[in-house]
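Visitor: Here's a structure for you.
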Amino acid sequence: MSIRIAPSILSANFANLSEDIRKVEDAGAHLLHVDVMDGHFVPNITIGPPVVKSLNKATKLPLDVHLMISDPDQYIAAFVDAGASILTVHAEATVHLDRTLNLIRSMNVLAGVSINPATPLSVVEHVLGLADLLLIMSVNPGFGGQKFIGYALDKIRQARQMIDNRNLRCVIEVDGGIDLETLPGVVRAGAQVVVAGSAIFGDPDPARKIKEMLDIAAPLSYHSNFV
Ligand code: DX5
Ligand code: ZN
């Protein structure tokens, strides 16, 4: 199974989301990455459950909801009701990460955990068995269009080893600064799902960009049976 591409709508045209979504859906994107920001955990504000609910009606793609919000527990039910397929919380944003991941799992959606560039992998070591997805940030979350942080590659490799050694089902997703140049390294390091915002929606032809990304990544891909 080849690499999964998750276009981030953060860089799409918010006044014409359904058209942008159709383009990436037709081009073979596997997931739609939805960035939820609260102006507290990250210095930016985006969207909440009502918009996710509308997105769910506008696409057949599974919604990969990346919660960059403090105290995520209180909003998890709302995002599940809105139609999220994957709910990812930040390890730094919740005090009781084990409880948060169990709460997501209890609602029958896939549970993801994310770590910022400065957060060591050891923070999630003991809860990786509870996670369907590990989201490794390769930029400081908050904005699209930032430069890829190179040392994230070491963390992807470490995570790949940890997951394989323990035979866990958790897939590795990487988010931030991924374009045609940084993509090969990310895939070789062991990522199975890549998020790309500005590289896809900043291109005059998002569909062509997705196809280029798939062509580059396919021969380098780690196997995965994820969604
Ligand atoms: C950053 C978001 C990313 C963002 C990625 O906080 O989590 O999903 O949209 O955008 P690019 O691909 O432009 O770095
Ligand atoms: Zn994201």
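Bear in mind that the values in this text are calculations on the coordinates, not laboratory data. What you are looking at is a predicted structure, and each value in this text was computed from that prediction instead of being measured. Glycine gets a Cβ as well: all are built from the backbone with ideal geometry, and neighbour counts include every protein chain shown.
Visitor: What is the dipole size for region 1-116, taken about its Cα centre, with +1 at each Lys and Arg Cβ and -1 at each Asp and Glu Cβ, in debye to the nearest 20?
Guide: For this selection, approximately 320 debye.
Visitor: Relative contact order (percent) for region 87-165, with alpha-carbon contacts under 8 angstrom and 6 or more residues of separation? Write out the running numbers ahead of the final one.
Guide: Numbers: 95 pairs, mean separation 21.4, N = 79.
Once divided by the residue count of region 87-165, the mean separation gives 27 percent.
Visitor: Suppose a student asked you for the relative contact order of region 23-141, using Cα pairs under 8 Å spaced at least 6 residues apart; what percent would you report?
Guide: It rounds to 20 percent for region 23-141.
Visitor: Something else: Which order results if Y151, Y75 are arranged by neighbouring Cβ count within 10 Å, fewest first?
Guide: Y151, Y75
Visitor: Also: Based on the Cβ-Cβ distance from I216 to N44, what FRET efficiency comes out when R0 is 35 Å, to the nearest 0.05?
Guide: Values: r = 29 Å, r/R0 = 0.84.
In this case the efficiency is close to 0.75.
Visitor: Say each of N167 and D73 gets a label point 7 Å from the Cα, pointing the same way as Cα to Cβ; how far apart are those two points in nm?
Guide: About 3.3 nm, to one decimal.
Visitor: Ok, one more. What dipole magnitude, in Debye to the nearest 20, does the chain give about its Cα centre under +1 on Lys/Arg Cβ and -1 on Asp/Glu Cβ?
Guide: 400 debye
Visitor: May I pose another question? Once the dipole of the chain is set up with Lys and Arg at +1 and Asp and Glu at -1 on Cβ about the Cα centre, which of I69, V113, G28 lies farthest towards its positive end?
Guide: Farthest towards the positive end: G28.
Visitor: Between R208 and R99, take the C-beta separation as r, use R0 = 30 Å, and let me know the FRET efficiency to the nearest 0.05. Mind dumping the intermediate values first?
Guide: On the way: r = 44 Å, r/R0 = 1.46.
After rounding, the FRET efficiency stands at 0.10.
Visitor: Which of these, P141, P43, P206, has the largest mean-square fluctuation under a Gaussian network model of the chain (Cα springs below 10 Å)?
Guide: Judging by the Gaussian network model, the answer is P43.
Visitor: What number, in percent, do you get for the relative contact order of the chain if the mean sequence gap of Cα pairs under 8 Å and at least 6 apart is divided by its residue count?
Guide: Working: 477 pairs, mean separation 52.2, N = 227.
Here the relative contact order equals 23 percent.
Visitor: Ok, one more. Return the Cα extents of region 20-141 along principal axes one, two and three, sorted largest first, each rounded to a whole Å.
Guide: Principal-axis extents of the Cα atoms in region 20-141, largest first: 39, 30, 26 Å.
Visitor: Can I ask one more? List the trypsin sites (Lys or Arg not before Pro) within region 31-125 that DSSP assigns to loop and that have no more than 13 neighbouring Cβ atoms inside 10 Å.
Guide: Sparse-neighbourhood loop trypsin sites (Lys or Arg not before Pro): K60.
Visitor: I would also like to ask the following. Mean-square fluctuation check for the chain, GNM, Cα pairs under 10 Å: which of V187, V174, V124 is largest?
Guide: Comparing V187, V174, V124 in the GNM, the peak value goes to V124.
Visitor: Of all DSSP beta bridges in the chain, what percent run antiparallel (nearest 5)?
Guide: Once the DSSP bridges in the chain are tallied, antiparallel ones form about 5 percent.
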